[in-house]
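First comes the structure, then the notes that go with it.
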Amino acid sequence: MHEHDDMPPLYFTYLNRFDIEALKISDDEIMAAVEEQLATQGRGEAVIEPRMHLEPGVARGHFNVLRGSLGGEVDSAGVKVVSDFYDNYLHKLPSELALLLLFDRFKGVPKAIIDASAITDMRTGAVTAIGAKYLAPKGAKVLGHIGARGTAYWNVRLMDRIFDFDEIRVHSRRRESRDAFGAKLERDLGKKIVVTDDWESCIRGADIVVEASRLTEPEPLLKTEWIRKGALVMPYGTMSAVEVSLADIADKFLMDHFGQARAGRFGALKPLFDAGKLHPGRYHAEIGQVVAGLKPGRERDDETILFWHRGLSLSDIALGHAMLKKGEKLGIGQRLRFA
């Protein structure tokens, strides 16, 4: 006899890539889930562990391991493992593939295993867009976006949903990727996209600047002098692409979670911390505190605001939960027996 023979049967839900597509989750559903998560986090009803990296050392790639626990309506703990392998396009595979595990946060019972490859892109775009909602200059009309991978698509799509930009400029290193990116955005957003051949014409004078490049080594390609006073700048590339002087023009500096500022050796603003230009004394708030109404966001038109988000397990958990709930309503997903 086992000591737990009277244990109730346990099941979890499996949502694969095709299930996620069948859910047809809308832009507004994505943003609602992440905005609510940020507010819950801002109120302190969450636990976040800094992300960890695993580098197998056999290919140009690494795994990110994100962990967290979120209160509110979501009421789940979760772990996401996302791989990021640069050369996957040679194998006809996406560079990023991910799995999210959701657990009951009181009893630790598994609730779901979810393909989180799309979730990663969507939730990153949502945090960028919600950051812009609270921090961008009023009536922002010009977006300058560096980078063309999956998260970049959702950045532009969800921000345009909020701002309906007059001008969207995009640039990335490989011509074929930036041209394809521009064409996809034109098709999906129904407006002209300006694809630039260089960083400066993409960024100079834009109201909102996003840097989501994929450099293999840090290189200051984004020049501080191109940033107009009063702009919102959101750098989150894998490696730093900004000048250290970017910190000097920032009137306000925000993050999604301050504990992640120094985590790992990757990060868009790491050199600014290493140089002592960004430090706890420079923090204005976490974006969740702004969303929850506990700290002010933008207060003046001429404030230059720097917002660095490193991606949070909490956003994955919130969006995964929203998908799980929608799947239950629509009868999408597989119920698997655990014990």
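The values are calculated or read from the model by the stated rules, or taken from the named source; none is laboratory data. What you are looking at is a predicted structure, and each value in this text was computed from that prediction instead of being measured. Neighbour counts are summed over all protein chains in view; Cβ atoms, including those assigned to glycine, are modelled from backbone coordinates with ideal geometry. In case anyone asks, the SASA skips ligands and DNA or RNA and just uses the protein heavy atoms, side chains included. Shrake-Rupley method; radii C 1.70, N 1.55, O 1.52, S 1.80 Å.
Length available on full extension from Arg161 to Lys141: 0.36 nm per residue minus the Cα-Cα distance, which gives 6.0 nm. Summarising the strand pairing of the chain, around 55 percent of its internal DSSP beta bridges are antiparallel.
Probing with 1.4 Å while keeping every protein chain in the model, the per residue accessible area of region 1-121 equals 54 Å². Between Lys191 and Gln334, the contour length at 0.36 nm per residue exceeds the alpha carbon distance by 47.6 nm. For region 1-160, a Kirkwood hydrodynamic radius built from all Cα pairs, placed in the Stokes-Einstein relation at 25 °C and 0.890 mPa s, yields a translational diffusion coefficient of 138 µm²/s. Think of each Lys and Arg Cβ as +1 and each Asp and Glu Cβ as -1; about the Cα centre, that makes the dipole of region 272-339 roughly 500 debye. The phi-based Karplus calculation (6.51 cos²θ - 1.76 cosθ + 1.60; θ = phi - 60°) puts the 3J(HN,Hα) values of region 219-233 at 7, x, 8, 9, 8, 4, 5, 7, 7, 7, 5, x, 7, 9, 10 Hz, whole numbers, x for Gly and Pro.
Label positions at Tyr14 and Glu29, each projected 7 Å from the Cα along the C-beta direction, are separated by 2.2 nm.
Between Arg43 and Arg173, full extension at 0.36 nm per residue minus the direct alpha carbon distance yields a gain of 42.8 nm. Taking N as the residue count of the chain, its C-alpha radius of gyration divided by 2.2 N^0.38 Å amounts to 0.99. Would you please give the FRET efficiency between Ala180 and Ala275, computed as 1/(1 + (r/R0)^6) with r the Cβ-Cβ distance and R0 = 35 Å, to the nearest 0.05? That pair, Ala180 with Ala275, gives E of 0.45. Roughly to the nearest percent, how much of the accessible area of region 232-339 is carbon and sulfur, given a 1.4 Å probe? C and S atoms contribute 50 percent here.
In this label model, Asp87 and Thr224 are separated by 3.8 nm, measuring between points 7 Å along each Cα→Cβ vector.
When only the Cβ of Lys, Arg, Asp and Glu is charged (+1, +1, -1, -1), the dipole of the chain relative to its Cα centre reaches about 240 debye. Using a simple spin-label model with pseudo-atoms 7 Å out from Cα toward Cβ, Tyr283 and Ser95 lie 3.0 nm apart. So for region 1-90, averaging the separation of alpha carbon pairs under 8 Å that are six or more residues apart and normalising by length, what relative contact order in percent results? Computed over region 1-90, the figure is 19 percent.
The alpha-carbon of Lys252 sits under 24 angstrom from the alpha-carbons of these lysines, leaving out residues fewer than 8 places away in its chain: Lys133, Lys138, Lys141, Lys223, Lys229, Lys270, Lys277, Lys295. Charge tally around Gly288: other residues with Cβ under 12 Å, Lys/Arg +1 each, Asp/Glu -1 each, net -3. Just how far, in whole angstrom, is region 188-228 from region 70-93 if you go by their alpha carbon centroids? The two parts, judged by their Cα centres, are 26 Å apart.
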